[in-house]
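Read the structure below first, then the notes.
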Ligand SMILES: [Zn+2]
């Protein structure tokens, strides 16, 4: 297993993404952050609080479960759903930033866009990821990337975050490790 | 996203097929799906390409429509196969029908049948998932799940938890009143409510309790006034009047005086209990006309809850691969 | 009764009921010589077939007082030919064919036909049970005397499948058959208490939501009938006793000197109502499978003689009568081929009973109750050679045993059972040899 990002690297990356989100959206008006469970949810909360700190305001943040929209449901036993929590103002006309830990095939984001489509009609949707490991299978790209990480297919990217795993780190392992 | 795969059994034939964790997973999933049902677009792609057959040997429009709505909201293809007027009524056996449905590619069969154990038999003959939608006087597991869902929503919500999600039913006292002997709803509810930690009291004349009920995890009470005193929820069962002919009770009047629910009886209740009824109500028999109105609201809510619970069951049994 | 009685056999070193090794010579349909084991070895007569029987157990040919052979009427389920072949495979040399055929065996004509078809098949002596009432209607007596005096020589009368519920009809039947030493074999079931009954009433039926068949529905009829038998001084036989309570009543009746005998089926000695949880109607039978407590009481009663005999209640049914919902399915299980194995499993293997007791309960006593002379005889020179040879050491997976019954409603199919019938002699002829029919069906 090879360490790729340290705790400090992750904090730096999230801070940079926070700045980029403000910059690209020319402020924080109409901004809504939606994390994709489970690690994306916590990353979204961290980015929201960082944006809030920079901009001195409260950014609506929620979580978007995509399980029912996955296209690989039949490959594994059924998974429990995780809650979808949409901030009180909804998403209609908002600038929605989806947040996930790793961008890989793009299928998760496709499912997230489908799930989002059922909840309302945002003005625009952007994507922030901590890691982009390549190997896209759909025409999807991230607007904000913590780190581009070239990987081989058989490698596994492990993202650990304090809220779940007790520490912040990103590492690469071979599948059999 | 969470990768905790569930380990539920393949079929839902009886509440005995569920662990406490399975039951809570179904209720929590239903809770999440209820939000989807509130959304303007009421359709999810989850079961696209899957075929669900409603195989109903007894008329039960309510249950059939509920399963149909649940399956369709998950984008499954639904085939309604009513026994009346089909080859089934011309003497085709349940086994032949099962094999026919299998060759048609049914991924799941939802079976309503007058014979206890019919769903168990069907599961022995087909590769697909079998969901018991009521078999004779045995069980009706999805009805019990929706009853538990409704009870939890009303009695286990708190300021931070509007629907009681994640909670079981421990600490609640629930009375089930009426014809326990012939009730599949009662059998499933006894198993499920006990599994979820509730204290159950059965209230019925001794003729309408099965021999062997001593083995059930319940208390028996012949006095409805006493049972209702300390009760959080009361579940009234539908009484079939033809039972009178087999000497189960002397008259409708005596039955409703001793075991019916009316305003006077409710005066004995210390807390205001939640009243459930699987519907349709025999007004003036098991529930007095004036109390029935109060119950109707919960019955309507039960219809919506029924769809959510059945969506959850369909998703958890059909949404993934079963090895 | 069967063909030419021409076989000559020498069984060497076979174990008799007292556990002694014997050499036994059979010729002309009877036992002609008995000596200590090994003495006749090597002294072979001309045309004599020697069968080495070291380690094998000799029993008098088994007698079944309660068999459903289904012919006439349901030849798709069983014929007299296939059923009597199954009987021979199970070690039986005599069976009593129950009357609930179509047409019902309630006239001399039908009972004579049954016996004749049995003789033509030649696997086993088939005796006819006559119906008590016309068409089993429970109201008017059938021509009991005509059946008794017919070539079929009927002595056992039963409406089995139905209870003779009317107390007056039961009393008259008990009285009437006294004139020819007949016996009424009662299927004890109060019909009102068992309307739509599906299984034993108790904790399992409560859970499964199947209508209960309460023990009291059997016990109440037995109590009434032993009192009726006492009152009119008649002979009463109770079919398929299934409850501990019934055992108590019969024990009481016997102590009182009432002339009552009783049977238990193999399945009630081994199986319990827990099996119904599968809803597989292969376990549906009437009277139903009961509880552990009942099984224990029945075994003890069989050993202490309160229950006189084992009777199979062999009840073949075609596939479609069992491949359906429980409540739609027919009652009954097949039992001829495995009856002895189930008895060995239930009371011999656990040392409750000896082979002598098994011979008493499955051959000698049933022959006496049915008033048949050629079967159930103590071993001796000159007796008719109706014999069964069993290897008690073999254990078999039931699912791998091939059956000659036309039906496959076998409740033991998931079990391993001990013992195998190796040879069956009917009137000195070998009908089963090395576990195979000598003349295949
Ligand atoms: Zn019978």
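Read the figures in this text as sums done on the coordinates, not as results from a lab. Remember, it's a predicted structure, so these values are computed and weren't measured experimentally. Neighbour counts run over all protein chains shown; Cβ positions are idealised from the backbone, glycine included.
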Extending each Cα 7 Å along its Cβ direction at residue B:244 and residue A:148, get the distance between those two points in nm, one decimal.
8.3
With each label point set 7 Å from Cα along the Cα-Cβ vector, what nm distance links residue A:141 and residue C:134?
9.9
Quick one: grab the alpha carbon gyration tensor of chain B, order the square roots of its eigenvalues as a ≥ b ≥ c, and give me rounded if a/c is under 1.5, else prolate or oblate depending on whether a/b is larger than b/c.
oblate
Which whole number gives the average, over all residues in B:206-219, of C-beta atoms from other chains lying within 10 Å of the residue C-beta?
3
Taking Cα atoms, how many degrees apart are the long axis of helix B:20-38 and the longest axis of chain B, rounded to 10 and kept between 0 and 90?
80
Shielding score for C:201-207, defined as the mean number of other chain Cβ atoms within 10 Å
6
Tilt relative to chain B, helix B:94-103 - C-alpha long axis, 0 to 90 degrees, to 10:
40
Taking the reciprocal of mean 1/r across every pair of different Cα atoms in the protein assembly as shown, the Kirkwood radius in Å is 32.7
Please state the relative contact order of region C:61-370 as a whole percent: Cα pairs under 8 Å, 6+ residues apart?
17
Mean per-residue count of partner chain Cβ within 10 Å for C:321-331 equals 5
Just to be sure I understand: of the beta bridges DSSP finds with both ends in chain B, what percent are antiparallel, rounded to 5?
5
With a ≥ b ≥ c taken as the square roots of the eigenvalues of the C-alpha gyration tensor of region C:62-217, please select rounded if a/c is under 1.5 and otherwise prolate if a/b is larger than b/c or oblate if it is not?
oblate
If one compares the long axis through the Cα atoms of helix C:215-232 with the longest principal axis of the Cα atoms of chain C, the angle in degrees, nearest 10, works out at 80
Subtracting the Cα-Cα distance from 0.36 nm times the residue separation, let me have the gained length for residue A:53 to residue A:71 in nm, one decimal.
2.7 nm
extent check for region A:1-158: Cα max minus min per principal axis, descending, whole Å, gives 43, 36, 27
What's the FRET efficiency of residue B:16 with residue B:219 using the Cβ-Cβ distance as r and R₀ = 35 Å, to the nearest 0.05?
0.95
Just rank C:374, C:76, fewest to most, by other beta-carbon atoms within 10 angstrom.
C:76, C:374
Anyone know which of C:400, C:46, C:320 comes out most mobile in the 10 Å Cα GNM of chain C?
C:46
How fast does region B:141-302 diffuse by Stokes-Einstein, in µm²/s, taking the Kirkwood radius from C-alpha pairs at 25 °C and 0.890 mPa s?
155
I need two numbers for region C:132-268: Rg to one decimal and Dmax as a whole number, Cα atoms only, in Å.
15.5, 51
When a/c reaches 1.5 or more, the comparison of a/b and b/c decides; with that in mind, is region C:61-370 rounded, prolate or oblate per its Cα gyration tensor?
rounded
Counting each DSSP H run of 4 or more residues in chain A as -39500 (n - 2.57), what helix-only mean residue ellipticity at 222 nm follows after dividing by all residues, to the nearest 500 deg cm²/dmol?
-9500 deg cm²/dmol
Likely footprinting exposure, C:333, C:422, fewest C-beta neighbours within 10 Å first
C:422, C:333
For the residue C:439, residue A:162 Cβ pair and Förster radius 60 Å, calculated FRET efficiency rounded to 0.05 is 0.10
Within region B:141-302, percent of DSSP bridges classed antiparallel, to nearest 5
5
Roughly what % antiparallel, to the nearest 5, for the DSSP beta bridges in region C:61-370?
5
Relative contact order (percent, whole number), chain B, Cα cutoff 8 Å, 6+ residue spacing
20
Just from its helices, what would the mean residue ellipticity at 222 nm be for chain C, if runs of 4 or more DSSP H residues each count -39500 (n - 2.57) and the sum is divided by every residue, rounded to the nearest 500 deg cm²/dmol?
-7000 deg cm²/dmol
So what does the Cα-only Debye profile of region C:307-408 read at q = 0.12, 0.19, 0.25 Å⁻¹, as log10 I(q)/I(0), no solvent term?
-0.54, -1.10, -1.36
Given the options C:166, C:274, C:16, state which has the largest fluctuation in a GNM of chain C using a 10 Å cut-off (strictly under) for Cα springs.
C:166
So, by mean Cβ neighbours within 10 angstrom, what's the order for B:207-219, C:129-141 with the highest one leading?
C:129-141, B:207-219
Estimated distance in nm for a label pair at residue C:402 and residue C:227, the labels positioned 7 Å out from Cα along Cα-to-Cβ:
5.5
GNM top mover of C:214, C:366, C:316 - chain C, alpha-carbon springs below 10 Å
C:214
The relative contact order of chain A, taking Cα pairs under 8 Å that sit 6 or more residues apart, comes to a percentage of 26
For C:347, B:110, C:258, ascending order of other Cβ atoms within 10 Å (fewest first) is C:258, C:347, B:110
